[in-house]
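Single-structure report; data block below.
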Amino acid sequence: MTRVLVLGSGYIAGHVGTRLARLGHGVVLGSRRRPATPETRGLRWLPTDVADRRHVRELVDAIRPDAVVAAHGPSDITWCEAEPDRTAAVHADGARHVVDALAGRAARCVLISTDNVFPGRADSCSESDPTEPANAYGRAKLAAERTFLAAPDALVLRVSLVYGWDRTGLRPNFFTTCAERLRVGEPVAVPDAHWNTPVLIDDVAAWTTALLDAPHTGVLHLGGPRRLSRLTWARHIAETYGVDPALVSAVPQGDTAYACRPRNACLHSERAAHLPELRGLEPLDVFEADTALITGRVTATTTTTTTGTPAATAIATGKDQS
Ligand SMILES: NC(=O)c1ccc[n+]([C@@H]2O[C@H](COP(=O)([O-])OP(=O)(O)OC[C@H]3O[C@@H](n4cnc5c(N)ncnc54)[C@H](OP(=O)(O)O)[C@@H]3O)[C@@H](O)[C@H]2O)c1
């Protein structure tokens, strides 16, 4: 059994932690507040502030992890733009705290990073494309990447917009937010030309756990196989529910809190096809996933939804993740 410290206890950390635990690893989640999501139930958790150097060192000394997955926030890009110093304190300084605390321990590290390290001018970016962060969040994550990459056994996994059902409703992702409104015939307004290669949370968890056991270092991209605009995606969700796609309207991205996002937030990989650990783990197409998520969970969502009105605000103001 491997002892794995997962930093963060949010959407990605919870799913990664659950998958690792199912595979027999000893998992500890670390975040500032005790998580209460279904994914984190049953997982060990310890209070952690990654921005606090001493705190991180004490945690690492106590757990003596064989591996670390850094999947902590802040992940709200709009908040990060308003709070660049606090963002850097957690992502950039936090990375230094983690790497320093692990020095001499031979621990494997995987950092979950982002497409926001790119400016968004190209339709999609691969691992060899030059970085040029689009915003404060991207700058802080790029600094964290560089710190981890200087460690002896670290992989930076840049993932595109992550989606799937999020039952907690704390900060539901774009899919959940759209689906919950459209399901009951409520309109949604989305940015007109914001492009993504969305990736299902299950695929993020599967890749992260597979790569934790692998020898690969450097940067790797995980994007879904379909590049699409949020407008097209939301309309597809409407069609899958059998409601009028005209319920989805377009708002100029620059008029919304999505303004600080790169126009293209899309990733593809030049490396992944060559990594044997990823064989059979090809990410699911977002249209196929929409159908699977909606037809598989339509009854459950009626008892686990957020209310309609806050979700509408979320779409218009970019409060959903990424
Ligand atoms: N979701 C996406 O679409 C996406 C895409 C690309 C990359 N990522 C990256 O993946 C990471 C996780 O994203 P997510 O979607 O899972 O975010 P999330 O659901 O918002 O979870 C973030 C987690 O980080 C914890 N956290 C925040 N500040 C912390 C601190 N100072 N010390 C320790 N823990 C802290 C939060 O708990 P507390 O507030 O209680 O501490 C929470 O558990 C982010 O770094 C983001 O860059 C996400």
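Since every read-out is calculated from the coordinates, none of them should be taken as a lab result. Remember, it's a predicted structure, so these values are computed and weren't measured experimentally. With ideal geometry, Cβ positions are generated from the backbone for all residues, glycine too; neighbour counts draw on all protein chains shown.
Here are a few things to note about the model shown:
- Relative to its residue count, the stretch 61-108 spans a Cα convex hull of 73 Å³ per residue.
- Amide H to amide H distances under 5 Å link residue 216 with no residue, where only residues 5 or more positions off or on other chains count and H is placed in the peptide plane.
- Mean Kyte hydropathy of 1.0 or more with a Cα span along the axis of at least 15 Å, helices from DSSP in the chain: 201-212
- Taking amide H positions as modeled 1.01 Å from N, with prolines and chain starts lacking one, the residues under 5 Å from residue 45 and 5 or more places away or on another chain are 29.
- Over all directions, the projected convex hull of the C-alpha atoms in the chain averages 14.8 nm² in area.
- Equivalent ellipsoid, the stretch 33-149 (semi-axes from 5 times Cα gyration tensor eigenvalues, Å): 26, 17, 14
- Peptides 153-165, 77-89, ordered by how many other C-beta atoms sit within 10 Å of their residues on average, highest first, read 153-165, 77-89.
- Rel. contact order, % - alpha carbon contacts under 8 angstrom, at least six apart, the chain: 20 percent
- Estimated vicinal HN-Hα couplings, Hz - the stretch 33-45 in sequence order (Karplus 6.51, -1.76, 1.60; Gly, Pro = x): 10, 4, x, 9, 8, x, 5, 8, 4, x, 8, 6, 9
- Which of 16, 29, 4, positive extreme of dipole for the stretch 1-42 (C-beta unit charges): 29
- In a simple Cβ point-charge model (Lys, Arg +1; Asp, Glu -1; nothing else charged), the chain has a dipole of about 800 debye relative to its Cα centre.
- The stretch between residue 216 and residue 96, if pulled fully straight at 0.36 nm per residue, gains 41.1 nm over its current Cα-Cα span.
- The Rg/Rh ratio for the stretch 86-211, using Cα coordinates for both the radius of gyration and the Kirkwood hydrodynamic radius, is 1.02.
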